[in-house]
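Here, each number is a calculation from the coordinates, and none is a lab measurement. These figures come from a predicted structure and were not determined experimentally. Here the Cβ positions follow ideal geometry from the backbone for every residue, glycine too, while neighbour counts run over all protein chains shown.
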Amino acid sequence: MAEISFPLPDLGEGLIEATVLEWLVSPGEQVERNQPLVEVETTKSAVELPSPQAGKVVRIHGGPGDKINVGEPLIVFEVPDNTAGIVGTVPTEEAPKRRVRLSAVLDED
Amino acid sequence: MSNSILESGTTNEPASTTVMSMQQALNRALDEVLAENRKAVVFGEDCGRLGGVFRITDGLQAKHGAQRVFDTPLAESGILGLSVGLAMAGFHPIPEVQFDGFAYPAINQIVCQIARMNYRSRGTMPMPITLRVPSFGGIRAPEHHGESLEALFAHVPGLKVVSPSNPHEAYHLLKYAATRPDPVIFMEPKSRYWQKAEVDIARHEADGGAPTGAKIMREGRHLTLVAWGAMVSRCLQVAELAAEDGIDVEVLDLRWLKPIDAAALAASVRKTRRAVVVHEAPLTSGLGAEVAQLITQHCFDTLKAPVERVTGFDVPYPSGDLEDEYIPNIDRILFGIQRVLEYKRG
């Protein structure tokens, strides 16, 4: 398994930090992409940050009231080695489905 | 040129056969190329420390050193420009452009330098560069991460273009491409990276030859499906479904998109007398047009219907949510087959 760290992004234009209000996930939890992770407050607004990816939460940084600088680690995920860092989603193999049936009289001339 | 894969998958499995994903097959091929050729160097965005966003270069920097497997700045023109200089200095660069759509900023280096340096220098400056490009769609990625550039590259004199369809092909085609004296655009079907299949490490082809030309992946009598990359496995699924309806479909994996194995195309369609070509790229001026023309030229007298094309649409590659509407699906390919089957002359 590989660990992927997600740093606090710039949530506005040129913001340098944010204050953690409440964590919505905890270490050990399996999260989905876009699932709300944490509520933070900046000098502009309070926002919920969606998860950039699916994975198991290994560590979270900062408790309620703590300031985190933009670019510093916010959360660390554990993901399978062969999907660490990928852009996009690993496709699932599905049994082939069809709606179209072929009909033809094959003249074998 | 074309040899059936059927016989290698049925009886007397040689001891060298092992099951792996395309990721693992490509990683192993690169590892072996680096070990066998001291002039080989592997580089690109995130290729070194991270091991590539798709793990294709995983562990190679630790094993072969940061001078031979290294990270580059986020600048494709620089990655390919560096490749030109390294090749001029006698190296065998194996650069990676992280995604298909990121090749555009390096078109100048690819078309104006890499493709023609050998010609321009009257053979004194060959460009033995293997450019790996994770290609095509199917992974719900953002813009510029799902494009099919084969026609663009195939149109440029001096470039060779190849795309593997499964782990076995990936392993052997990459090892073969890396020994070529000419630049090869190596298009990896990223949606197939994780699917596992048997790889016969010791043997390229059933007859032991080099992996050149096209390859029949399934034999059939009534119609030839021509495909490459990720569309080959989809066409194999379609062939199984068509068999339920009594239609015996042959699937030809083109593999090399430049040069195209016209002899194998002609041999297959002379037998089946019907052909459908399938690709993810947009229809207009796609490689399917070239394939259709080659079939028409070589098989005009025996064809029972015009060659059909089942392709992506003439639109920018859509966002992930619409991907399944864009990439040829099973029903669209079956419709293409049906149009050919029911064609009437005159």
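Helix B:231-244 and the longest principal axis of the Cα set of chain B meet at an angle near 20°. For chain B, take the longest principal axis of its alpha carbons; what is the angle in degrees between that and the long axis of helix B:76-88, to the nearest 10 within 0 to 90? The helix B:76-88 is inclined about 70 degrees to chain B. In a DSSP loop and with at most 16 other Cβ atoms within 10 Å, the trypsin sites (Lys or Arg not before Pro) in segment A:4-66 are A:ARG33, A:LYS44. Compute the orientation-averaged projected area for segment B:170-233 from the convex hull of its Cα atoms and round it to one decimal in nm². Mean projected area of the Cα convex hull: 5.5 nm².
When the square roots of the Cα gyration tensor eigenvalues are ordered a ≥ b ≥ c, the ratio a/c for segment B:17-200 is under 1.5, which makes its shape rounded.
Please state the shape class of chain A: rounded when a/c is under 1.5, otherwise prolate if a/b exceeds b/c and oblate if not, all from the C-alpha gyration tensor. In terms of gyration-tensor shape, prolate. Sorting B:230-242, B:74-86 by average packing, meaning the other beta carbons within 10 Å per residue, from highest down gives B:230-242, B:74-86. Rounded to the nearest 500, the helix-only mean residue ellipticity at 222 nm of chain B stands at -9000 deg cm²/dmol, with each DSSP H run of n ≥ 4 adding -39,500 (n - 2.57). Take each residue in B:221-230, count the other chain C-beta atoms within 10 Å of its C-beta, and the mean is 1. Per-residue mean of foreign Cβ neighbours for B:324-336 is 2 (Cβ atoms of other chains, 10 Å radius). If the convex hull of the alpha-carbon atoms of the protein assembly as shown is projected onto planes in all directions, what is the mean projected area in square nanometres? With the hull built on Cα positions only, its mean projection is 25.0 nm². Mind running the shape call on segment B:93-132? Use the C-alpha gyration tensor, a ≥ b ≥ c as the square roots of the eigenvalues: rounded below 1.5 for a/c, prolate if a/b tops b/c, oblate otherwise. The shape class here is oblate.
Once divided by 2.2 N^0.38 Å, the Cα radius of gyration of chain B becomes 0.97.
Distances between placed amide hydrogens fall under 5 Å for B:ALA281 paired with B:GLY312, all partners being 5 or more residues away or on another chain. The C-alpha atoms of chain B define a longest principal axis, and helix B:330-341 lies at about 50 degrees to it. Peptide packing for B:50-61, A:19-30, B:283-294, B:97-108 was compared via the average number of neighbouring C-beta atoms within 10 Å per residue; ordered from the highest value, the list is B:50-61, B:97-108, B:283-294, A:19-30.
Close amide H contacts of B:HIS92 (hydrogens built in the peptide plane, cut-off under 5 Å, sequence separation of 5 or more or a different chain): B:ALA40, B:VAL41. For peptide B:134-140, the mean count of partner chain Cβ atoms within 10 Å of a residue's Cβ comes to 3.
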